Amino acid sequence: MKIVVIGGTGLIGSKLVKKLGEHGQEAVAAAPSSGVNSITGEGLADALKGAAVVVDVTNSPSWEDAAVLKFFETSTRNLLAYGAAAGVGHHVALSVVGTERLLESGFFRAKLAQENLIKASSIPYTIVRATQFFEFVTKIADFSTKGNQVGLPPALIQPMSADDVASALGRIATSSPLNRTIEIGGPEMFRLDEFARRALAAFRNPREVISDSHARYYGIQVSERSLVPDNDAQLGETRFEDWLTQATKPVANADLHPA
Ligand SMILES: NC(=O)c1ccc[n+]([C@@H]2O[C@H](COP(=O)([O-])OP(=O)(O)OC[C@H]3O[C@@H](n4cnc5c(N)ncnc54)[C@H](OP(=O)(O)O)[C@@H]3O)[C@@H](O)[C@H]2O)c1
């Protein structure tokens, strides 16, 4: 089955293309660097020829309010129009758990616009809302850093590894369209401040994480459960501690340069 991964060179896209290939699927990584641009339409018709499934894991180069909205609206409209013309039978898109609770941010208004365009299109679809990736933890901390301190609210978070996101997307892309939104998340729940504190400590980063109920998550006021999925979310297996151990493991230079 030909599965085109738009954004196939990104964090999730590259893992997804690899996993689909390992499972014997014809996975095509489409991105501007491979001559496929979902904004200009360049290369889309050719890339989608004969495709059964399109998986959209693109991200906007700019998160400025107007720019990110324009990106997701234009990109999604193009993918749906070119997809319909090519006879694509399943449009899968990656979105974010809690999007409708995070609309103070232009990024999430753009993700909601993307979801609504998909729901209104004629192509059968599955929207997959994921929780925050473990790989995103330093960016969360960086956004809330002032001097040597990181102020974060003690809101609940149920993050997951990018690997588990890609595995879930692979299963969904090779199954029938659900024509609804599903949620995926990690196996454990933390407080947001604790999540960042554990990562910075593991990365030997000297910043101090302060728990502050008035602090914002990515500039957004969140409540206790804004970021966590409902009870029926599909859960990944990778635990944060194991991911941290892997992410901080020194490269085995001795193996590369034997004495
Ligand atoms: N971060 C999180 O915790 C989180 C949580 C839930 C959901 N998500 C969602 O997950 C999705 C993927 O995230 P990610 O971290 O994997 O993104 P990423 O690493 O930034 O990758 C983005 C991909 O989009 C491609 N792209 C950019 N502009 C494009 C265009 N005009 N046409 C075609 N492709 C284009 C990039 O191609 P180039 O390499 O050529 O630039 C790249 O392959 C996002 O939509 C995000 O909202 C993120």
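Sort segment 203-254 into rounded, prolate or oblate with this rule: let a ≥ b ≥ c be the square roots of the eigenvalues of the Cα gyration tensor; rounded if a/c is under 1.5, and if a/c is not under 1.5, prolate when a/b is larger than b/c, oblate otherwise.
Oblate.
Leaving out ligands, DNA and RNA but keeping every protein chain, what accessible area does ARG197 have, in Å² rounded to the nearest 10, with a 1.4 Å probe?
Accessible surface of ARG197 is approximately 90 Å².
Kindly report the accessible area of segment 1-58 per residue (heavy atoms of protein chains, probe 1.4 Å, no ligands, DNA or RNA), in Å².
Value returned for segment 1-58: 43 Å² of accessible area per residue.
Taking all protein chains as present, what is the carbon and sulfur share of the accessible area of segment 130-206, in % to the nearest whole number, probe 1.4 Å?
That share works out to 50 percent.
From the Cα gyration tensor of segment 124-259, with a ≥ b ≥ c the square roots of its eigenvalues, which class applies: rounded if a/c is under 1.5, or else prolate if a/b is larger than b/c, or else oblate? Write down the numbers at each step before the final one.
Values: a/c = 2.59, a/b = 1.13, b/c = 2.29.
Oblate, because a/c is 1.5 or more while a/b does not exceed b/c.
Tell me, what is the percent relative contact order of segment 146-259, built from C-alpha pairs under 8 Å that lie six or more residues apart?
It comes to 44 percent, rounded to a whole number.
Apply the a/c threshold of 1.5 to the C-alpha gyration tensor of segment 1-89 and tell me whether it is rounded, prolate or oblate.
oblate
Rg and Dmax in Å for the chain, alpha carbons only: what are they?
Gyration radius and largest Cα-Cα distance of the chain: 19.0, 62 Å.
Can you list the residues, at least 5 places off or on another chain, whose amide H is less than 5 Å from the amide H of VAL36, using H built in the peptide plane?
Under 5 Å from the amide H of VAL36: ALA31.
Among ASN78, ASN148, ASN59, determine the one that fluctuates most according to a GNM of the chain built with springs between C-alpha atoms less than 10 Å apart.
ASN148
How much of the DSSP beta bridge set in the chain is antiparallel, as a percent to the nearest 5?
Rounded to the nearest five, the antiparallel share is 15 percent.
Using amide H atoms built 1.01 Å from N in the peptide plane, name the residues 5+ places from VAL55, or on other chains, whose amide H lies under 5 Å from its own.
So VAL55 has HN proximity to VAL4, VAL5, ILE6, VAL92.
Below 11 angstrom from the Cβ of LEU20, what's the summed charge of the other residues (Lys, Arg +1; Asp, Glu -1)?
Combined, the nearby Lys, Arg, Asp and Glu give +3.
Within segment 12-115, what whole-number % of the accessible surface is contributed by carbon and sulfur, with the 1.4 Å probe and all protein chains included in the calculation?
In segment 12-115, the share of accessible area belonging to carbon and sulfur is 55 percent.
Once the piece of chain linking GLN221 and GLU104 is laid out straight, how much longer is it, given 0.36 nm per residue of separation minus the C-alpha distance between them?
Extra length from GLN221 to GLU104 when fully extended: 41.3 nm.
With every protein chain left in place, what is the accessible area per residue of segment 140-259 in square angstrom, probe 1.4 Å?
Numbers: 6650 Å² over 120 residues.
Averaged over the residues of segment 140-259, the accessible area is 55 Å².
With θ set to phi - 60°, apply the Karplus curve 6.51 cos²θ - 1.76 cosθ + 1.60 along segment 43-52 and write out the HN-Hα couplings as whole Hz, x wherever there is a Gly or Pro.
x, 5, 4, 5, 4, 8, 4, x, 7, 8
Any chance you could list P(r) for segment 165-241, counting all Cα-Cα pairs in 10 angstrom bins from zero, rounded to whole %?
All Cα pairs, binned at 10 Å, distribute as 14, 37, 32, 14, 3 percent.
For ALA84 and PHE136, FRET efficiency with R0 = 25 Å and r from the beta-carbon atoms, rounded to 0.05?
Efficiency for this residue pair is about 0.15.
Modelled label-to-label distance, GLU42 and SER175, 7 Å Cα→beta-carbon offset: nm?
For the pair GLU42/SER175, the computed spacing is 3.7 nm.
On a full-extension model of 0.36 nm per residue, what is the gain between LYS249 and LYS49, subtracting their alpha-carbon distance, rounded to one decimal in nm?
67.8 nm
Could you go through segment 181-190 in sequence order and give the Karplus-derived ³J(HN,Hα) for each residue, using 6.51 cos²θ - 1.76 cosθ + 1.60 with θ = phi - 60°, rounded to whole Hz, and x for Gly and Pro?
Values per residue, Gly and Pro as x: 9, 10, 10, 10, x, x, x, 9, 10, 10 Hz.
The values are calculated or read from the model by the stated rules, or taken from the named source; none is laboratory data. None of the values given here were measured: they were computed from a predicted structure. Cβ atoms come from the backbone with ideal geometry, glycine included; neighbour counts cover every protein chain shown. Protein only, heavy atoms only, side chains kept; ligands, DNA and RNA dropped before computing areas. Shrake-Rupley method; radii C 1.70, N 1.55, O 1.52, S 1.80 Å.
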